[in-house]
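> Could you have a look at this structure, given as structure tokens, before my questions?
The values are calculated or read from the model by the stated rules, or taken from the named source; none is laboratory data. Quantities reported herein were computed from a predicted structural model and do not represent experimental measurements. Quick reminder, even Gly has a Cβ in these numbers, built from the backbone with ideal geometry, and neighbours come from all protein chains shown.
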Amino acid sequence: MRRFMSVLAGAGLLSSLIVGPTAAAPLEPEAPAPRINGTVAAGQVDIQLVISGLSQPIGAVNAGDGSNRLFVVQQGGTVRVVQNNRLVSGNFLDIRSVFGGLTTGSERGLLGLAFHPNFESNRKLFAYFTNGGGDLVIAEFTANSAGTSASVSTYDPLLVVEHSAQGNHNGGQLLFGPDGYLYIFTGDGGGTGDPGENGQDPNELLGKVLRIAPNLNGSYTTPSNPFGGPVWDIGMRNPWRASFDRATDQLWIADVGQGNYEEINREAAASGGRNYGWDCREGKHWYETSGCDTSAPWPYTDPIAEYTHAGGNCSVTGGYVYRGSLQPDLIGQYILGDYCSGRLWTISANGSSLLLHRDTSALITSFGEAENGEIYMTDHGGRLYRVVGPPFSDIASSAFYNDILWIYRQGITGGCGGGKFCPNASVTREQMASFLARALDLPAATRDFFADDNASPHEADINRVAQAGITGGCDTNRYCPRSDVTREQMASFLVRALELPGTTTNYFDDDNSSIHENQINALARSGITGGCDTRRYCPTADVTRGQMAAFLHRGFD
């Protein structure tokens, strides 16, 4: 529901509307509750650069503590924080000097991070890394009381899995499940074809999904697991990124293939005990049959989807089912990619078909979920992206992406035609009338106010805003519907529409000769604008459709 905000006094926390691109914000305000499933078209999903300058990022997680931070895991042994679109200086965690050492390079290093569900109160977090001998370590750390950093000196190992023989297939995912237990996803021990036959051995911890209950004192207990001990599922090769669907509790596991097939598995909520087949099965196909049960029905769970190494694919990177509310088309879509090709796909949360969206230049190492359900992607080359599913084909790179999404969701705009929004096009006075009439849900007019708008498709809306007293036209009996709206005119439109109070404060130096100066200052006082530069408003500059979306979002949300 659209909300009319009549007073914005003191809302200086709202950022300035400045022309020019800005990076995509990692965290957004709340939006209407999501529908169960959206629908995306091939090619619709895209990425927006958030920040660069990272060092081999391979993970992004949130702490679930209401801080709206993203914690970026860097393979070399550090964790950085992204907050409010900025990379916070320093490291949140640095384990390069951890007891027992850290082996990095190739597939080794700091590989995973998970925050305890009660991190806000207990400050506990868990890391997955390869130690100096190459073994897999799952360790507990404790953050400071403010939750702003965690010292390596708080290191407390929970589980160490021998993995010294080979440097590859280390797994690396840590997740707290809906049941409150910690899930650990291990690789098969490395080499080619699982030479240690670990994947099919339920007594080995390699090539598995493990489930434990940390005691928060450096130890853990083992809940009742299907294969005994800590083993929840078996038959994994190198699970590279897994996630729980926050709406259904289904577990999604992407498992890297040997030489032909990459696979995506979906496990029903609370239903472990699966044998995902490796090294008897690769994807939906036999990899080897020696020592395998080939009699139908065999005991192996095939993936719901797979893809080949054609076209440069080589290593699947699993993602998340989008359950945010800012991008309705993405809701219920599982997002995944390939490390080598940079391709992005989606799978419907209750489907099994891969839908290709685009090739990117990124080395896709992981996806991450923010507290509000927005999805992010890390590029091994040092960048963090936001994954988007824009309703218009021309807004993915717009600095006003979130604002355009908002006015679209509110029914204020349907775009400029042809599936586009035209964010850089100037707003005309007739378009401005329709934006405001829809935002305010104005009643139909009882008379015709102007003589020059009879041919305009926006005539009814022009009369609605005139009847509401928001405009008196551009001259006697004239509205000038095709003229572009300037920033000073836009100020008057919005001040009247929102009934903003006046002010004696002069905010800008370049509007002193403007007949709209009082309205410009009222708009600035409300926090809806900070001008176009320091002490400048650029009153005679045209307003673009993207900027108008931002003004409307700030004014009416």
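> Being in contact (Cβ under 8 Å) with a residue 12 or more places away in the chain, among the aliphatic types (A, V, I, L, M) and not in a loop (DSSP other than H, G, I, E, B) narrows it down to one residue among Ala399, Ala437; which is it?
Answer to the selection: Ala437.
> Yes or no: segment 454-477 includes at least one residue that is β-branched (Val, Ile, Thr), surrounded by fewer than 20 Cβ atoms within 10 Å (Cβ to Cβ) and on the phi < 0 side of the Ramachandran plot.
The answer is yes; a qualifying residue exists.
> Filter segment 180-211 down to the residues that are part of a strand (DSSP E or B) and over 25 Å from Asp279 (Cβ atoms) and list them by number.
Hit for segment 180-211 is Leu182, nothing else.
> Still on this model: Identify all residues within segment 164-181 that are among the polar types (S, T, N, Q) and either modelled with pLDDT under 95 or farther than 24 Å from Ser366 by Cα (or both); write none if there are none.
The answer is Ser164, and nothing else.
> Go through (1) farther than 24 Å from Gly318 by Cβ; (2) within 22 Å of the chain's Cα centre (by Cα); (3) aliphatic (A, V, I, L, M) for Val82 and report which single condition fails.
(1)
> Can you name the condition, by its number, that Leu54 falls short on among (1) touching a Phe, Trp or Tyr at 6+ places or on another chain (Cβ under 7 Å); (2) part of a loop (DSSP other than H, G, I, E, B); (3) hydrophobic (A, V, I, L, M, F, W, C)?
Of everything listed in (1) touching a Phe, Trp or Tyr at 6+ places or on another chain (Cβ under 7 Å); (2) part of a loop (DSSP other than H, G, I, E, B); (3) hydrophobic (A, V, I, L, M, F, W, C), Leu54 misses just condition (1).
> Continuing with this model, one more query. Looking only at segment 216-236, how many residues end up being over 21 Å from Cys292 (Cβ atoms), in a strand (DSSP E or B) and in contact (Cβ under 8 Å) with a residue 12 or more places away in the chain?
Total meeting the criteria: 2.
> Sort out for me the helices (runs of 4 or more DSSP H) sitting completely within segment 453-557 that have 3 or more residues that are touching a residue at least 60 places away in the same chain (Cβ under 8 Å). Break it down into steps so the answer makes sense when it comes.
Numbers: elements: 459-467, 487-498, 517-526, 545-556.
Of the helices (runs of 4 or more DSSP H) lying wholly inside segment 453-557, those with at least 3 residues that are touching a residue at least 60 places away in the same chain (Cβ under 8 Å) span 487-498, 545-556.
> Same structure, new question: Can you tell me how many residues in segment 470-519 are in contact with a strand residue (DSSP E or B) (Cβ under 7 Å, 6 or more places away or on another chain) and either aromatic (Phe, Trp, Tyr) or not assigned by TED's automatic domain parsing to the domain that holds Ser456 (or both)?
1
> Please determine whether any residue of segment 475-482 is of a type in the set (Lys, Arg), at pLDDT 95 or above and under 20 Å from Gly531 (Cβ atoms).
Within segment 475-482, not a single residue is of a type in the set (Lys, Arg), at pLDDT 95 or above and under 20 Å from Gly531 (Cβ atoms).
> Can you tell me which residue is farthest from Gln48 (Cα to Cα) among those in segment 374-391 that are part of a loop (DSSP other than H, G, I, E, B) and in contact with a helix residue (DSSP H, G or I) (Cβ under 9 Å, 6 or more places away or on another chain)?
Just the residues of segment 374-391 that are part of a loop (DSSP other than H, G, I, E, B), to begin with: 374, 380-382, 389-391.
Next, only the ones that are in contact with a helix residue (DSSP H, G or I) (Cβ under 9 Å, 6 or more places away or on another chain) stay: 389-391.
Working: Gly389: 10, Pro390: 11, Pro391: 15 Å.
My answer is Pro391.
> Which ranges mark the strands (runs of 3 or more DSSP E) fully within segment 71-163 that have 1 or more residues being more than 28 Å from Gly207 (Cβ to Cβ) and at pLDDT 95 or above? Spell out the reasoning first.
Numbers: elements: 78-83, 110-115, 124-130, 136-142, 156-161.
In segment 71-163, 78-83, 136-142 are the strands (runs of 3 or more DSSP E) which contain 1 or more residues that are more than 28 Å from Gly207 (Cβ to Cβ) and at pLDDT 95 or above.
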